[in-house]
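**Student:** My questions all concern the structure below.
The values are calculated or read from the model by the stated rules, or taken from the named source; none is laboratory data. Note that this is a predicted model, so its numbers are computed, not measured. Methodologically, a virtual Cβ is constructed for each residue, glycine included, from the backbone with ideal geometry; neighbour enumeration extends over all protein chains shown. Side chains are part of the model used for accessible areas, which takes the heavy atoms of the whole protein and leaves out ligands, DNA and RNA. Shrake-Rupley method; radii C 1.70, N 1.55, O 1.52, S 1.80 Å.
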Amino acid sequence: MAKPIVDGLEKELEGKADVVRLNAMTSIGRQAAAHFGARGLPTLVLVDGNGEVVLTQVGIIRSGAVQEQVELLIAP
C-alpha cells in the first residue's frame with residue numbers, strides 16, 4: 001500500500017522534486033527496474049540532478065527519510 005504514502009510525498013515535495021511513478025509491468029517500468037536494480041515492489045528510487053541514486057527504499061516507503069534527503073539535495 002505505497003500509493004497513499006507516495007501521494008503524500010507528491011504533495012509535500014511539490015515545487016521541490018518531481019515524483020515519477022512507473023508500473024513495473026510495462027516495458028518502460030521493466031527497463032527502469034533493471035537500470036536501477038529494483039528487486040522488490042514497491043521500490044522508491046531518489047535520483048539527484050546528476051542522475052545519481054542517493055536513496056533507495058524497498059517495501060514500506062519511509063516518507064520522512066525521503067523528505068530529509070530531498071531537503072539535503074536542494075539546500076544551498
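**Student:** Going through segment 42-76 one residue at a time, which ones are without any contact (Cβ under 8 Å) to a residue 12 or more places away in the chain, within 15 Å of K16 (Cα to Cα), not β-branched (V, I, T) and not in a helix (DSSP H, G or I)?
**Tutor:** Within segment 42-76, A75, P76 qualify.
**Student:** I need the full set of residues from segment 1-31 which are in contact (Cβ under 8 Å) with a residue 12 or more places away in the chain and not charged (D, E, K, R), in order please.
**Tutor:** A2, I5, V6, G8, L9, L13, A17, V19, A24
**Student:** Can you find, within segment 59-76, the residue that is surrounded by the fewest Cβ atoms within 10 Å (Cβ to Cβ) among those that are closer than 20 Å to K3 by Cβ and out of contact with any Leu (no Cβ under 8 Å at 6 or more places or on another chain)?
**Tutor:** G64
**Student:** Only one residue in A32, A38 is in a helix (DSSP H, G or I), more than 12 Å from A2 (Cβ to Cβ) and open to solvent by less than 70 Å² (accessible area, probe 1.4 Å), so which one is that?
**Tutor:** A32
**Student:** Within segment 1-19, take every residue that is under 14 Å from the mean Cα position of the chain (by Cα) and assigned to a loop (DSSP other than H, G, I, E, B) and give me the one that is modelled with the lowest pLDDT.
**Tutor:** Per the stated criteria, the residue is A2.
**Student:** State all residues of segment 20-29 that are in a loop (DSSP other than H, G, I, E, B) and either of a type outside the set (S, T, N, Q) or open to solvent by less than 50 Å² (accessible area, probe 1.4 Å) (or both); if no residue qualifies, say none.
**Tutor:** V20, R21, L22, A24, M25
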